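This report refers to the structure that appears directly beneath it.
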Amino acid sequence: MTAAPIDGGLAGVPLSLTPLNRKDMVSDQEVRWCPGCGDYAILSTFQQVAADLGVKRENIVMISGIGCSSRFPYYVDAYGMHSIHGRAPAIATGLASSREDLSVWVVTGDGDALSIGGNHLIHALRRNVNINILLFNNRIYGLTKGQYSPTSELGKVTKSTPYGSLDAPFNPLSVALGAEATFVARAVDSDRAQLAEVLHAAAQHRGAAFVEIYQNCPIFNDGAFDTVKGPESAETLIPLRHGEPITFGADGHRAVVRDGFGGLRVVETATVDPSEIVIHDETLTDPSYAFALSRLTEPGVLQQAPVGILRRVQRPAYDDLLREQIATVRADDPQAALASIIAGPDTWEAGTR
Amino acid sequence: MSKQLNRVVIRFAGDSGDGMQLTGDRFTAEAASLGNDIATLPNFPAEIRAPQGTLPGVSSFQLHFADFDIVTPGDTPDVLVAMNPAALKANLKDLPKGTVVIVDTHDFTPRNLKKIGLATSPLTDGTLSAFTVHELDLTDLAQRAVEGFGLTRKDASRTKNMFALGLLSWMYSRPTDGTERFLAEKFAKKPDIRDANIAAFRAGYAYGETTEAFAVQTVVNPAPMPPGRYRQVSGNLATAYGLMAGASKAGLQLFLGSYPITPASDILHELSKRKDVGVMTFQAEDEIAGVAAALGASFGGALGVTTTSGPGMALKSETISLAIMTELPLVVVDVQRAGPSTGMPTKTEQADLLQALHGRHGEAPLPVLAARSSSDCFDTALEACRIAVTYRTPVIMLSDGYLANGAEPWRIPNLDAIPPIAPGFATELADGDPHFLPYRRDEETLARAWAVPGTPGLEHRIGGIEKDALTGNVSYDPDNHERMVRTRAAKVAGIVRDVPDLEVDDPSGEAKLLVLGWGSTYGPITAATRLIRKTGRKVATAHLRHLNPLPANLADVLRSHEHVVVPEMNLGQLAQVLRAQFLVDVESYSRVRGLPLSIAELEEHLTATIDRLEGAVDAKEEAR
C-alpha cells in the first residue's frame, strides 16, 4: 500500500475565490444554548477558523450526533447534518470517502462520542478517515438534563447516580491514542487563541484529527473546569509546544520529566537538571509518549491538563487509500466493464440449439 | 445406451468439508451450459466445519434440471449422492421409493455408524431396499486415480467430490470442458492439486462409461426459453448487479456500507470485487455504521446502499428512520433468514415483512419490494434504486436465503435498454427564493429538492429533528408536524403511480381460488398450481413485488375471487396486512421450517380447498 500523493487535510477541497469572514459562516438560525454555555465560545471560534481556512464555504460539512453540542451544524452556514446519537463518525466516513472535495467536521460530546458512539469513534480513528472530530467534553449529560457521563469523575452525584457514580471515567485522549489516532489535541473553550490554533492544525491534518475541547456546562456541571481556567490555570494547564521543553506554572516552576515504565511525571523545575525536562515531540511514531502525556490528567476532579497537540503523525488516510484502490483497478470504460461482468464468463444462447 | 428424461433432481450430500457446494455448482454450470432450465437449493450448516462425519455437519446441494421451464429445485431428489453415512442418514427421510442412491461406502465403519447413532449399516440392514443403490468406495477410487501426483493421502481423498462429479457428468451426458477449465483456473497456483482434481474428475467420468452398473446414460434436452443469451445467476449476484445497474443508470457513485452477515455477505463480496467498475465498498465496524456510512454517502450525492439480514435490519432501523426524516435515497437489502435472534442463519424464511413495513419508531413509511426468484433480484434491486433516487427515500428490498444462494438461468439484460434514472439535483436557487428551501417538493412525486455539499449558494442543514415544511429548519410547530407526517406518508403512498397493476394468471378465467404470494414462494406456488391445473382444476395466481405501496388494483383482485390463500414462510404476515387493509378474509397458509414451501404439501392443500369451493357450489346448485 503506497501513501496517497496528498498533503494536508484540505488537499482537494476547492479554494474560496474571495476571502471569507466570520460572519459568512454564521447561519440565520437563532442559537439556542443556555446562557453561559461554553459552546458559544467554541462556535464563534470555529466560525472564524472556518472562514480563515481559505476553502469554499459550500465545501465545508458539519456532521453531528445528538446532544447539546450536536446542535452546532445549524449555526454554521455551510452544509450540515444533525444526525442520530453516536453515529456521526460513521456518517462522516461515508461522506468523506465518497467526496474528497469536502472538509468534513464531526461535532460530538462526551456522551455521544464515548458512550453510545464509542465504537464508531474508535474505528474512524483507527481507519484514519480524513475528518476532524471535535469532542466537546463537559463531563455531564446536558440535553437529557444532568446524568453522569463516561467522563464524569468516579462518585459523581447526579439524578441517575444519587449515591454517586460507580464506573471509572474514560480519558478521551487516552482512548483516541489507543485507537491509533494520528492527530490528538486538547483545547479549552474559553481560550480562543489556543483553540483556533488547534482547529487550524486539525483542518490541515490529513487523516482523522481528534480534538477534545473542555467545555463548561453552567447548568448541570458548572465549574468542572475552573481549575484550568482563570487565575489558577497557570498552575494547572500544561501547554505543549513542539520542540520546546514542557514547563508550566509561574515562571515555569514546574516541569514534565520521564518516569519509570515509560511514564511521565510533574516535578518542580528547580529539583531537576534541565536536560531531564522532556522536549515535546508530537511526531513520534510510537504513541507511548503521547499516551503518557494524556495520563498527566487524572481521572478525578481536574488538577492538571496538557493542552495543545499531543500527537501529529502521518499515516495514509482510509478514504485516500480507498479512492486510490478504485483508481488503480478501475476499468477504462466502466460502463462496458459492467456490461461484461453482468454478461459473465459462461453463457449460452437459447433458441439456437 | 441412453434414455431421455424431461427432468431430474439430484442431491449431493456430504460432510461440510467435502466440497458439496462446489460439486453442485459445477454440475449446475454444466447443466446450464447445455441449455437446461435449472433451479438449485444449497443447504448447509452454519458451522464452517462441524465435527466430521456427524449429522450437524452434513451439507447438501440440490439441483433440478429439465427440458422445460421449471420454477423450483424440487421437493425430493431422484438421485442422492451420499458421501458418508451421516449424509445418507440425514437425507433418507426425503427419498421417495425408487430413488437412485449413489453412496460412498468408504466411511461405513462401525465407529462412524455409531457416531450417528446407528447400530447396523444401512447398506446391509434393509434400510435401502426401496431404492436403487450404487455402492462404491468413492474415496478409494479417487485416491487411486490421483496416485502419482504426490498428494498426501488426505489431499488425495479430498478429490472424491470431483470423482463423483465426473461420474454424474457421464450419467447425465454433461459436457466436461467447462469444469476442467474451472479447475484449471481455480487451482492455477497449485499445479499438483489442479492436475489431481482434473484426473479424479476424468476418472469418475471414465468409471461411468466403463462400469456396467451405470450402463444407461440419461439425456435431458435443453429447455425452450425465449431467445437470447443466458447465464446462470444466484440471487445475491443478481442483487449486486441490479444495484450496480441502478447506480449506473442514475449516474451516481454506488457506495455500499455493510457488515458481513449470513446469507447476505456475498453481495458485499461481489460489490467489493467491483471496484473495477468504480463501486465503493466499506466494510463497517457494525451494522449501524454500515447504513450510517451509506446515508452519509447519499448526503454527498452518491447512491448509498446497505446489505444485511434480519438481525442487522433491527440494528439499522434508527438510521433508516433518519433517512426517512432527511429524505435521502438509500437502498436497504434484507436477505431474510430464519429468526428471531440468530435463529437459523443458513436457512430461509420470509418473516421480516412486518419488520420491513413497520419496524421503525414514529410514523415512518417507506417503500418495500420483494424479489420472487434469483434472477428477479436484478430487476427488484434496479427498481429499488429507481424509487430511492426518484422519491428521495430509503427503500427496503427483501430477498431471502433461498433466493440468495439458489441459482437459475437468466437472460442477460441489455443495459442500454434500461431507462435512465434522473437524480435531478438542485443546483441553483428557485426563482424568488432568498434561501435554498430543501423541503420544497416536486408537485407530482412530492420528492424534495436535493442539493449536495459543494453546490454554491444552496448551503443548508438537515437532520433528524422535525423540519419546517419548506425551509427544513427545526420546527416544533404542531400543525407543521402533522403536515410533515402526512406529507411523508403521502409521498410513499404516491409511489403507487409507478407500481404496475397486479397481474392475475388464470388460464380458465373462472377460478374461484386465488393464490396470492410474495417473494420466493413464487417457485413453489407456480409449481404447485401447474400440477393442479393438469388435473383440470381451476386456480388463479398472482404475485406481489411491491409490498408498499401495494398495487392499485389489489383490492379488486382480492374481491373478485371467492377465496384467497396466501402461502408464506412466516406465520401469516402478508395475510395480516391484507386483512387489515382490505377487510378481506384471506386464508393464511404458513410453514416455517427454514426451507422453501413443499410443492406436494401446498398442492394437496390447494386441491382440497378448490374441491371444497367447487363442492360448496355444486351443493348449492343441487339445493336449488
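Criterion first (within 14 Å of chain B (Cβ to nearest Cβ) and either among the aliphatic types (A, V, I, L, M) or surrounded by 24 or more Cβ atoms within 10 Å (Cβ to Cβ) (or both)) does A:PRO14 satisfy it? No.
Filter the stretch A:97-121 down to residues that are facing chain B (nearest Cβ under 8 Å) and within 20 Å of A:PRO316 (Cα to Cα), then give me how many there are. Walk me through it before giving the result.
Of all residues in the stretch A:97-121, those facing chain B (nearest Cβ under 8 Å) come to A:97-99, A:101-102, A:119-120.
Restricting the remaining residues to those that are within 20 Å of A:PRO316 (Cα to Cα) gives A:97-99, A:101-102, A:120.
Matching residues across the stretch A:97-121 total 6.
Let's see how each residue does on (1) crowded, with 24+ Cβ neighbours inside 10 Å; (2) modelled with pLDDT under 95; (3) assigned to a helix (DSSP H, G or I); (4) more than 11 Å from chain A (Cβ to nearest Cβ):
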{"site": "B:PHE201", "(1), (2), (3), (4)": "yes, no, yes, yes"}
{"site": "B:GLU209", "(1), (2), (3), (4)": "no, yes, yes, yes"}
{"site": "B:THR218", "(1), (2), (3), (4)": "no, yes, no, yes"}
{"site": "B:ASN221", "(1), (2), (3), (4)": "no, yes, no, no"}
{"site": "B:MET225", "(1), (2), (3), (4)": "no, yes, no, no"}
{"site": "B:ARG231", "(1), (2), (3), (4)": "no, yes, no, no"}
{"site": "B:ALA238", "(1), (2), (3), (4)": "yes, no, yes, no"}
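Of everything in the stretch A:3-52, what is in a loop (DSSP other than H, G, I, E, B) and of a type in the set (Lys, Arg)? Give them in sequence order.
Applying the first criterion (in a loop (DSSP other than H, G, I, E, B)) to the stretch A:3-52 yields A:3-14, A:16-21, A:27-37.
Across the stretch A:3-52, the qualifying residue is only A:ARG32.
Criterion applied to B:LEU403, B:LEU366 was being crowded, with 24+ Cβ neighbours inside 10 Å, in a loop (DSSP other than H, G, I, E, B), touching a residue at least 60 places away in the same chain (Cβ under 8 Å) and not assigned by TED's automatic domain parsing to the domain that holds B:ASP69, and the one residue passing it is B:LEU366.
Could you list all residues from the stretch B:52-84 that are in contact (Cβ under 8 Å) with a residue 60 or more places away in the chain and within 16 Å of B:ASN405 (Cβ to Cβ)?
Step one: filter the stretch B:52-84 for residues in contact (Cβ under 8 Å) with a residue 60 or more places away in the chain, giving B:53-55, B:65-84.
Hits for the stretch B:52-84 are B:THR72, B:PRO73, B:GLY74.
Restricting attention to the stretch B:90-97, does a residue exist that is crowded, with 18+ Cβ neighbours inside 10 Å, assigned to a loop (DSSP other than H, G, I, E, B) and under 34 Å from the mean Cα position of the chain (by Cα)?
Residues of the stretch B:90-97 crowded, with 18+ Cβ neighbours inside 10 Å: B:90-91, B:95.
If we keep only those that are assigned to a loop (DSSP other than H, G, I, E, B) as well, we get B:95.
Imposing the further condition that a residue be under 34 Å from the mean Cα position of the chain (by Cα) reduces the set to B:95.
Checked the stretch B:90-97: at least one residue is crowded, with 18+ Cβ neighbours inside 10 Å, assigned to a loop (DSSP other than H, G, I, E, B) and under 34 Å from the mean Cα position of the chain (by Cα).
Filtered by the rule that a residue be touching a helix residue (DSSP H, G or I) at 6+ places or on another chain (Cβ under 6 Å), more than 22 Å from A:ARG330 (Cβ to Cβ) and more than 7 Å from chain A (Cβ to nearest Cβ), the stretch B:267-296 gives B:GLU287, B:VAL291. Within this structure, B:GLY242 fails the test of being buried (at least 24 other Cβ atoms within 10 Å of the Cβ) and within 26 Å of A:GLY65 (Cβ to Cβ). Quick check on A:ASP281: is it among the acidic types (Asp, Glu), out of contact with any Lys or Arg (no Cβ under 8 Å at 6 or more places or on another chain) and either in a strand (DSSP E or B) or away from every other protein chain (no Cβ under 14 Å) (or both)? When the stated conditions are applied, A:ASP281 passes them.
Where helices (runs of 4 or more DSSP H) fall entirely within the stretch B:287-359, those with at least 2 residues that are over 19 Å from the mean Cα position of the chain (by Cα) and of a type in the set (A, V, I, L, M) are at B:287-299, B:310-326. Close Cβ contacts (under 8 Å, 6 or more residues apart or on different chains) running from residues in the stretch B:248-261 that are more than 10 Å from every other protein chain (Cβ to nearest Cβ) and under 16 Å from B:VAL332 (Cβ atoms) to residues that are surrounded by 20 or more Cβ atoms within 10 Å (Cβ to Cβ) and of a type in the set (Lys, Arg) are absent.
Might you check whether a residue that is touching an Asp or Glu at 6+ places or on another chain (Cβ under 6 Å), aliphatic (A, V, I, L, M), more than 22 Å from B:GLN217 (Cα to Cα) and touching a residue at least 60 places away in the same chain (Cβ under 8 Å) occurs anywhere in the stretch B:87-108? No, the stretch B:87-108 contains no residue that is touching an Asp or Glu at 6+ places or on another chain (Cβ under 6 Å), aliphatic (A, V, I, L, M), more than 22 Å from B:GLN217 (Cα to Cα) and touching a residue at least 60 places away in the same chain (Cβ under 8 Å).
In the set (1) on the phi > 0 side of the Ramachandran plot; (2) loosely packed, with under 12 Cβ neighbours inside 10 Å, A:GLU268 fails one condition alone, (1). Looking for whichever is over 33 Å from the mean Cα position of the chain (by Cα), in the same structural domain as B:ALA50 (by TED's automatic domain parsing) and more than 21 Å from B:THR218 (Cβ to Cβ) here; the options are B:ASN112, B:ASN84. Which one fits? Just a single option satisfies the conditions, and that option is B:ASN112.
The set of residues from the stretch B:364-406 being within 14 Å of chain A (Cβ to nearest Cβ) and within 21 Å of B:MET344 (Cα to Cα) comprises just one member, B:SER374. Taken residue by residue, the stretch A:279-292 has no member that is over 26 Å from A:ALA202 (Cα atoms) and among the charged types (D, E, K, R).
Selection over the stretch A:37-95 of residues that are away from chain B (no Cβ under 14 Å), surrounded by fewer than 24 Cβ atoms within 10 Å (Cβ to Cβ) and touching a Ser or Thr at 6+ places or on another chain (Cβ under 8 Å) gives a count of 3.
Residues checked against (1) under 13 Å from the mean Cα position of the chain (by Cα); (2) hydroxyl-bearing (Ser, Thr, Tyr); (3) farther than 25 Å from A:CYS34 by Cα:
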position: A:SER174; (1), (2), (3): yes, yes, yes
position: A:ARG192; (1), (2), (3): no, no, no
position: A:ILE213; (1), (2), (3): yes, no, no
position: A:ALA224; (1), (2), (3): no, no, no
position: A:ARG241; (1), (2), (3): no, no, yes
position: A:THR271; (1), (2), (3): no, yes, yes
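A:THR297 - would you say it is more than 9 Å from every other protein chain (Cβ to nearest Cβ), loosely packed, with under 14 Cβ neighbours inside 10 Å and of a type in the set (Val, Ile, Thr)?
Numbers: more than 9 Å from every other protein chain (Cβ to nearest Cβ): yes; loosely packed, with under 14 Cβ neighbours inside 10 Å: no; of a type in the set (Val, Ile, Thr): yes.
No; evaluated as a whole, the condition is false for this residue.
Residues of the stretch B:548-583 that are of a type in the set (A, V, I, L, M), in contact (Cβ under 8 Å) with a residue 12 or more places away in the chain and either within 22 Å of B:LEU366 (Cα to Cα) or in contact with a Ser or Thr (Cβ under 9 Å, 6 or more places away or on another chain) (or both): B:LEU550, B:ALA552, B:LEU554, B:ALA555, B:VAL565, B:VAL566, B:MET569, B:LEU571, B:LEU574, B:ALA575, B:VAL577, B:LEU578.
Residues are listed down the side, and each one gets a yes or a no for (1) among the hydroxyl-bearing types (Ser, Thr, Tyr); (2) within 21 Å of A:GLU100 (Cα to Cα); (3) surrounded by 24 or more Cβ atoms within 10 Å (Cβ to Cβ):
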position: B:GLY301; (1), (2), (3): no, yes, no
position: B:THR308; (1), (2), (3): yes, no, yes
position: B:PRO311; (1), (2), (3): no, no, no
position: B:SER317; (1), (2), (3): yes, no, no
position: B:GLU327; (1), (2), (3): no, no, yes
position: B:ASP334; (1), (2), (3): no, no, yes
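Conditions (1) under 23 Å from A:PRO14 (Cβ atoms); (2) away from chain A (no Cβ under 12 Å), marked per residue:
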site	(1), (2)
B:ASP431	no, yes
B:PRO434	no, no
B:VAL452	yes, no
B:HIS460	yes, no
B:ALA469	no, yes
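Just one of the listed residues (A:GLN303, A:GLN314, A:GLN325) is within 30 Å of B:VAL279 (Cα to Cα) and more than 14 Å from every other protein chain (Cβ to nearest Cβ), and it is A:GLN314.
The values are calculated or read from the model by the stated rules, or taken from the named source; none is laboratory data. Not measured: the values here are computed from a predicted model. Methodologically, a virtual Cβ is constructed for each residue, glycine included, from the backbone with ideal geometry; neighbour enumeration extends over all protein chains shown.
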